[in-house]
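S.K.: Before I ask anything, here is the structure I am working with.
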Amino acid sequence: MNFLILSHAFHKTKDTALFSYAPFVREMNIWLKYVDTVEIVAPFETQPVSKIEMAYQHENLSFCKIPSIEFTSVTKILESLLKLPIIFFRIFKACQRADHIHLRCPGNIGLLGCVVQIFFPKKIKTAKYAGNWDPRAKQPVSYKIQKWILSNTFLTRNIQVLVYGNWEQQSKNIKPFFTATYSNSEIEKPRRRNYLGVLKFVYTGSLVAGKRPLLAIQIVEALHKQGKRVHLDVYGDGVLKKALQHYIAEHKLDTIISLHGNQSKDIIKETLKTAHFSILASKSEGWPKAIAEAMFFGTIPIASAVSCVPFMLDFGKRGILIDPNLTEAINSILNALKAIDELELMSEWAAKWSQNYTLYVFENEISKLINPS
């Protein structure tokens, strides 16, 4: 089987290996265990490989470079329009060569892939929609177009669309799915936390506006002002890093907040084993791995009620759902801190639920998608 991946993720080369964003590649390497040859069509950049990138693992892998496109300004729109014929042609030719077409959505390349796949109704296809599938969510027009095409069983034939969450009134090709980080061998009973001592908070994710890392910092700052003994470890990098550093310095928070930048999976794992709470007050999410990974080790998630997050937290039984308003978020957390017994149960329930979604289960489900028989 020749397996084709269409993605907007930037790719890099080092020696003879092809690298991209580690969580994405880690997942794709599982898919690639079940295919003979692989072709990847994606943008390419010449930057050095970073800590949060890893290499694909497959002996018969080819890479087709395409230009990156953006529609964030008039200049970039015009440049991208000139690139579209080249990208469209390369995606089309790659689809012709493929036995199985795999789309990564949402994204600009995913949108073009959604259009091109219409011309290949007999080919086996899968699409991973890693964003918020909630029909009520406010999203960019390009995202809505992708969701409409993927849900249209006339335009999109012979495909399974993997989405996060179980939503009502969906077409027959929409399949509720999940993702995983840890193996069965990594399952362990969550450590008992002391919720009366120093409360350890953790934030893992990109430092971008959509993830609201500043709100996570302000929550810990407000709890500190309330007299709580707290500390926040922030893991990740992004465009807001300097602004966050300035905020921490200006408000003299360096003793209770630490910015660690991008770190390895193992370092994050060890942090989650002892942290009390994980904060992720995102504006939008798909299946937030930062939350699922924290829950795996009994770290209680504090998260905004977007996408399938309420389901993941069992509507407040496995975590603390907050409004992205600082005052209301603090009130929700302070109320939860009054009931230590309930926090201990919440930690146990979070781990029990998340440990159902291991890499073994994940790989088993993927193998069924590639080899349905």
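S.K.: In sequence order, what are the phi-derived ³J(HN,Hα) couplings for the stretch 48-58 according to the Karplus relation 6.51 cos²θ - 1.76 cosθ + 1.60 with θ = phi - 60°, rounded to whole Hz, with x for glycine and proline?
M.R.: x, 5, 9, 5, 9, 10, 9, 8, 5, 10, 6
S.K.: Here's another thing I want to ask about it. Can you work out ³J(HN,Hα) from phi for every residue in the stretch 204-211, in order, using Karplus 6.51 cos²θ - 1.76 cosθ + 1.60 and θ = phi - 60°, giving whole Hz and x for Gly and Pro?
M.R.: 10, x, 5, 8, 10, 4, x, 8
S.K.: Distance from the Cα centre of the stretch 209-250 to that of the stretch 355-373, in angstrom?
M.R.: The stretch 209-250 and the stretch 355-373 have Cα centres separated by 37 Å.
S.K.: Does the stretch 320-373 classify as rounded, prolate or oblate by the C-alpha gyration tensor (a ≥ b ≥ c root eigenvalues; a/c under 1.5 gives rounded; else a/b over b/c gives prolate, otherwise oblate)? Kindly include the intermediate steps, with their values, before the conclusion.
M.R.: Values: a/c = 7.13, a/b = 2.38, b/c = 3.00.
Cα axes put the stretch 320-373 in the oblate bin.
S.K.: Okay, moving on. So how tilted is helix 326-337 from the main axis of the chain? Cα-based, degrees 0 to 90, rounded to 10.
M.R.: In the chain, helix 326-337 runs at an angle near 70 degrees to the longest axis.
S.K.: To the nearest µm²/s, what D does Stokes-Einstein give for the stretch 1-149 at 4 °C and 1.567 mPa s, using the Kirkwood radius over alpha carbon pairs as Rh?
M.R.: 81 µm²/s
S.K.: What size of dipole, in debye to the nearest 20, comes out for the stretch 24-127 about its Cα centre when the only charges are +1 on Lys and Arg C-beta atoms and -1 on Asp and Glu C-beta atoms? Let's see the in-between values first.
M.R.: Numbers: 13 positive and 9 negative charges, 50 e Å.
Roughly 240 debye for the stretch 24-127.
S.K.: When Cα extents along the principal axes in Å is calculated directly from the model, which label among [x] 86, 47, 38; [y] 77, 50, 37; [z] 63, 47, 42 fits?
M.R.: Recomputing Cα extents along the principal axes in Å here picks out [z].
S.K.: Not counting ligands, DNA or RNA, and with a 1.4 Å probe, what is LEU78's accessible surface area in Å² rounded to the nearest 10?
M.R.: Only protein atoms counted, so the area is about 100 Å².
S.K.: With everything on Cα atoms, drop me the angle between helix 359-370 and the longest principal axis of the chain, reported from 0 to 90° to the nearest 10.
M.R.: Approximately 20 degrees, to the nearest 10.
S.K.: Now for a different question. So who's got an amide H within less than 5 Å of the one on TYR164, skipping anything under 5 residues away but keeping other chains? H placed 1.01 Å off N, in plane.
M.R.: Placed amide hydrogens put TRP133, PHE177 under 5 Å from TYR164.
S.K.: Whenever you get a sec, line up HIS231, HIS260 from highest to lowest accessible area (probe 1.4 Å, protein heavy atoms).
M.R.: Descending accessible area places them as HIS260, HIS231.
S.K.: Using +1 at the Cβ of each Lys and Arg and -1 at the Cβ of each Asp and Glu in the chain, identify which of CYS95, PHE119, TYR56 lies farthest towards the dipole's positive end.
M.R.: The residue sitting most towards the positive pole is PHE119.
S.K.: Mind listing the long-range amide H neighbours of ILE322? Cut-off is under 5 Å, sequence gap 5 or more, other chains count too, H placed in the peptide plane at 1.01 Å from N.
M.R.: Residues meeting the criterion, in which the H sits 1.01 Å from N, are ALA303, SER304, ALA305.
S.K.: List every residue whose amide H lies under 5 Å from the amide H of PHE44, counting only residues 5 or more places away in sequence or on a different chain, with H placed 1.01 Å from N in the peptide plane.
M.R.: Those lying under 5 Å, H to H, from PHE44 are HIS11, ILE66, SER68.
S.K.: Now, a different point. Roughly how big is the chain's charge dipole about its Cα centre, with Cβ charges of +1 (Lys, Arg) and -1 (Asp, Glu), in debye to the nearest 20?
M.R.: Roughly 580 debye for the chain.
S.K.: Any idea of LYS317's accessible area? Nearest 10 Å², probe 1.4 Å.
M.R.: 120 Å²
S.K.: Compute the Rg to Rh ratio over the stretch 116-253 from the alpha carbon atoms, using the Kirkwood formula for Rh, and round to two decimal places.
M.R.: Ratio value, two decimals: 1.12.
S.K.: Go through LYS172, LYS252 and list them by solvent-accessible area, largest first, probe radius 1.4 Å. It would help to have the intermediate numbers written out before the result.
M.R.: Details: LYS172 190, LYS252 160 Å².
Highest to lowest solvent-accessible surface, that is LYS172, LYS252.
S.K.: Calculate the all-directions average of the projected area of the stretch 172-258's alpha-carbon convex hull, and give it in nm². Walk me through the numbers on the way to the answer.
M.R.: Values: hull surface 36.5 nm².
Computed as one quarter of the Cα hull surface, the answer is 9.1 nm².
S.K.: Once you put a point 7 Å from the Cα of LYS144 and another 7 Å from the Cα of ILE86, both along the Cβ direction, what distance in nm separates them?
M.R.: Result for the modelled spin labels: 3.2 nm.
S.K.: Something else about it: Which percent, to the nearest 5, of DSSP beta bridges fully inside the chain are antiparallel?
M.R.: 10 percent
S.K.: Roll a 1.4 Å probe over the protein heavy atoms and report the accessible area of THR255 in Å², nearest 10.
M.R.: Accessible area, nearest 10 Å²: 110 Å².
S.K.: Among ASN335, ASN262, ASN108, which one shows the biggest mean-square fluctuation in a GNM of the chain, springs joining Cα atoms closer than 10 Å?
M.R.: Checking each option, the largest mean-square fluctuation is seen for ASN335.
S.K.: Counting Lys and Arg as +1 and Asp and Glu as -1, what is the net charge of the other residues whose Cβ lies under 10 Å from the Cβ of CYS64? Don't jump to the answer; show the numbers that get you there.
M.R.: Values: positive: LYS65, ARG90, LYS93, ARG97; negative: GLU39.
So the surrounding residues net to +3.
S.K.: Within the stretch 35-126, list the trypsin sites (Lys or Arg not before Pro) lying in a DSSP loop whose Cβ has at most 11 other Cβ atoms in a 10 Å radius. Don't skip to the end; give the middle numbers.
M.R.: On the way: sites: LYS51, LYS65, LYS76, LYS83, ARG90, LYS93, ARG97, ARG104, LYS122, LYS123, LYS125; in loops: LYS51, LYS122, LYS123.
Loop-located and lightly packed - LYS122.
S.K.: If we count every other residue with Cβ under 15 angstrom of SER7's Cβ, Lys/Arg +1 and Asp/Glu -1, where does the sum land?
M.R.: Taking every Cβ under 15 Å from that of SER7, the sum is +3.
S.K.: What does the charge count around ALA98 come to, taking other residues whose C-beta lies under 11 Å from its C-beta (Lys +1, Arg +1, Asp -1, Glu -1)?
M.R.: With Lys, Arg at +1 and Asp, Glu at -1, the net is +2.
S.K.: Can you sort TYR247, TYR34, TYR21, TYR164 by 1.4 Å-probe accessible area, starting with the largest?
M.R.: Accessible-area ranking of TYR247, TYR34, TYR21, TYR164, largest first: TYR21, TYR34, TYR247, TYR164.
S.K.: Shifting gears a bit: I need the calculated FRET efficiency for the pair PHE44 and HIS251, taking r as the beta carbon distance and R₀ as 45 Å, to the nearest 0.05.
M.R.: Calculated value: 0.65.
S.K.: If N is the number of residues in the stretch 243-373, what value comes out of its Cα radius of gyration divided by 2.2 N^0.38 Å?
M.R.: Values: Rg = 16.7 Å, N = 131, 2.2 N^0.38 = 14.0 Å.
Normalised by 2.2 N^0.38 Å, the Cα Rg of the stretch 243-373 equals 1.19.
The values are calculated or read from the model by the stated rules, or taken from the named source; none is laboratory data. The shown structure was predicted, so the numbers you read here are calculated from the model rather than taken from an experiment. In this analysis, Cβ positions are derived from the backbone assuming ideal geometry, glycine residues included, and neighbour counts consider all displayed protein chains. Heads up: the accessible areas ignore ligands, DNA and RNA and are worked out on the full protein's heavy atoms, side chains in. Shrake-Rupley method; radii C 1.70, N 1.55, O 1.52, S 1.80 Å.
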